[in-house]
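What follows is a set of notes on a single structure, which appears directly below.
Every number here is computed from the coordinates shown, using simple stated rules; none is lab data. Computed from a predicted model, the values in this text were never measured in an experiment. Note that each Cβ is placed from the backbone with ideal geometry, even for glycine, and that neighbours are counted across all protein chains shown.
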């Protein structure tokens, strides 16, 4: 991979992040009425704090450049303001508390769905029109049409309310996290099972559909004919020749989806009251806690941009044609 | 010659092989493609043979079935293609009734292919030497290191410098890639190498180098070569015999020296006339009016009749029989009656 | 040749093309299944009163809380004793209307910007496409989550614009803002290649203005793409609407499917095993999105010149 390729991508990412910061700034300041109405309409803040914040954000000064400069300055310092809802805690720490559960849930979900989806898609595409293709493609299309909550709610009805195998919500039982090992892990696993199934099922469709079409496209390439001409076993042709090439677009999709991990499965978290960023988003939304919403948007947007950058870099490493 | 060349083989003939049988004998081959409106009769009754150490040129316009004929030998057809008749006998073993699994035994080990456009025929994400080592490792059950060693020897043999050993296909020039393709075709020391327009995409200098390489390898290794090309000068330089195809059938076949100096089939004459010859005096190039026939519903008689200046009434009704001449030439044309 | 005759023959040509297309479409099993499902929900959306009572009966209690399905209430009742069948049928209208309007907004933005960018080229093109790329990278759903309450705050939750309640309007606008970029990209690339064609050159030489060239020569030729794109956009618009409503950004007085599921979530219907509250709206959403996806794929195969090159 050339330094030029890398530099170009890096510059692109930086420009995009700058634009996101700008959008975030303008979104809450260009609205009619005083910015305080939205930014500082917080019953939990004392007049003193309000005054201090006003002064620090320079809300009494002109929008551009003074306010913008101070906004960028405080953002770079990691100061995203104070939450309305959570008793004036800094937005950064409110968000930080919720990142872990989301990473656990959506990260594992991505892993499972990528492995299963790619396996199904690859096999279905390789044996196009076969039984696995017919059943797998049908199921994938249905799953692809289902938002997380439409998958999650029936799972609760069947496996939690009906069969009673798993709890309906939360991440731990009362005091469950404090039990000695391995009971705390088992407790967590029982709570994780259904949300994880929801997220995985929700993503499998996307992966298997893309992998199938990628394999089908690859199958008609000349080098596959070469591999067949070599008299290699069918499985070897698939594994050594079709699969590595068909994976190239998948790598991009997986990396980009990893960026969405953070913002990820908002509705899956809601259905199971999973204490991650998704439920935080909705809590903040209901309380019109704009600083927290802004913070989440910034975090998600930046992680998506970073994931895109990572996708470009990984692609460059896997495909020797880009590596120069 | 036969015994001498077969003696060079690094491994015994296949178990069912008849040591006295000719290397390759294709009889009445019919390969058709299924299309929405019927079967495309891309190859329709083609017969030819190939001896040990011989080079046969397959020529004709694009779409005449020459590549399909060659790929039918190891049945590398697209999913809508099917061999619907005839036989392909290698050492007396008919390959047509074999299952794909059984056919794998003959692919590359007995018959390998140098594809045109090595850029697409090589896997872009695998090092070239690994692609060459692959058939050695998986078909001849050699260890990975032994296979790679063999690959490096082969690359050396086709003239690729050792510092390019770790290269990926896109890092090599067109000529280098084609050399690598040739090295790959030689990996299992096959009896027959099929060259499918191996020099078409290359510029003239490189083209000449590749042809010299092929010629030298053929002599050194005792290979038999089937060369598919539309470039008649390539055939003239490298082949012993030539088979001219038109619309899925053999028009004329025989020693290059005879066919090129005394073409008998009107199509062969037109083809030679349509080809620029820098050694002869300045002639206007001839063109052949009309287009090749629709192969779903080909003409009942001679398929060239609609474009033939010498067509007779019989040509449009009856397919011409193949007539053999004493000088080893075979022609399918009514002009030569049924007796020679 | 008179203008009237020319336009007459053009219409005959168009009609013939349309017939040929209909025949080809009818040959696609997936497309036909999608169409049938869609027609069914279309009828529900157009005339819910044919099947159940007027909207007021859907927002008012007529049974006990969480009544299970019975002869009187085929799909049972929710936590407030409201008839689920009734709500689901009326939900079809809200969901489909919002989906349709969001699609229209998306297409208008996407097509206009795509045409302008592709036709004018240069700086304008560059700028518009940079903005489009930015919107393609943005996590649009999270942006929609933030935009929606902000806009509602600005216009006021109870306001009405042209008879549509502000909350619904906001959802429509937000979907439009966050999804025009993909359409714009597709239309732009097609416009770019059309611009180079002969007939456009001819019109330009004759002195036809750019607006007229775009309308008369380019727009008809990107119509195929617009249709195929519209169907897929509709699917994602319905999906976004459902999700936004599920999260609680919908209008409680206008029961869309997402809104019904939001009620089910808030009342803990799933944990109580009240599957009848969940199944009807959930199945409806999945069927509609699936139908649009099937139709969209079929149309894309038939209409999009790029995806037509297949083995």
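Values for this structure:
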quantity	calculated
Inter-chain Cβ neighbour average for residues B:136-146, partner chain, 10 Å	1
Ascending count of other beta-carbon atoms within 10 Å, so fewest first, for C:21, C:41	C:21, C:41
For chain A, built as a Gaussian network whose Cα springs stay under 10 Å, the top-fluctuating residue of A:189, A:229, A:240	A:229
Separation of the residue A:14 and residue B:296 label points, Cα + 7 Å toward Cβ, nm	6.0
Orientation-averaged projected area, Cα convex hull of region B:1-151 (nm²)	10.8
FRET efficiency estimate (nearest 0.05) - Cβ-Cβ, residue C:126 to residue A:321, R0 25 angstrom	0.40
Estimated 222 nm signal from helices in chain A, with DSSP H stretches of n ≥ 4 weighted -39500 (n - 2.57), rounded to 500	-22500 deg cm²/dmol
Neighbouring partner chain Cβ atoms per residue of C:140-149, average, 10 Å criterion	6
Length released on extending from residue C:216 to residue C:196, taking residue separation times 0.36 nm less the Cα-Cα span	5.7 nm
Nearest-0.05 FRET efficiency for residue B:94 and residue B:20, computed from C-beta distance (R0 22 Å)	0.85
Residues A:239, A:288, sorted so that the one with the fewest Cβ neighbours within 10 Å comes first	A:239, A:288
Spin-label zone in region B:84-128 - amide nitrogen under 18 Å from a point set 7 Å from the Cα of residue B:51 along the C-beta vector	B:90-92
Relative contact order (percent, whole number), chain B, Cα cutoff 8 Å, 6+ residue spacing	19
Virtual paramagnetic centre 7 Å along Cα→Cβ of residue A:127, amide N under 17 Å, in region A:192-221	A:212-213, A:215-216
Kirkwood hydrodynamic radius of chain A, from inverse mean 1/r over distinct Cα pairs, in Å	22.7
Average beta carbon contacts from partner chains per residue of A:254-260, 10 Å cutoff	1
Structure-based [θ]222 nm, chain B - -39500 (n - 2.57) summed over DSSP H runs of at least 4, per residue, nearest 500	-8500 deg cm²/dmol
Alpha-carbon gyration tensor eigenvalues x 5, square-rooted, for region C:192-310, Å	45, 17, 8
Spin-label model distance (nm) - residue A:26 vs residue A:172, 7 Å beyond Cα toward Cβ	4.5
Residue order, fewest to most surrounding Cβ atoms within 10 angstrom, among A:186, C:187, A:296, C:105	A:186, C:105, C:187, A:296
Reciprocal mean inverse distance between Cα atoms of the protein assembly as shown - Kirkwood radius, Å	33.4
Most fluctuating residue given options A:11, A:238, A:203, as computed from a GNM of chain A linking Cα atoms under 10 Å	A:11
FRET efficiency, residue B:324 to residue A:115 (Cβ-Cβ, R0 60 Å, nearest 0.05)	0.40
Residue with peak Gaussian network fluctuation, chain A [Cα springs, cutoff 10 Å], from A:168, A:226, A:75	A:226
Additional length obtainable on full extension of the chain from residue A:220 to residue A:103, 0.36 nm per residue less Cα span	38.3 nm
Inter-label distance for residue B:80 and residue C:266, nm, one decimal - labels placed 7 Å from Cα along Cα-to-Cβ	5.7
Gyration tensor verdict on region C:169-254 (Cα atoms; rounded if a/c is under 1.5, prolate if a/b is larger than b/c, oblate otherwise)	prolate
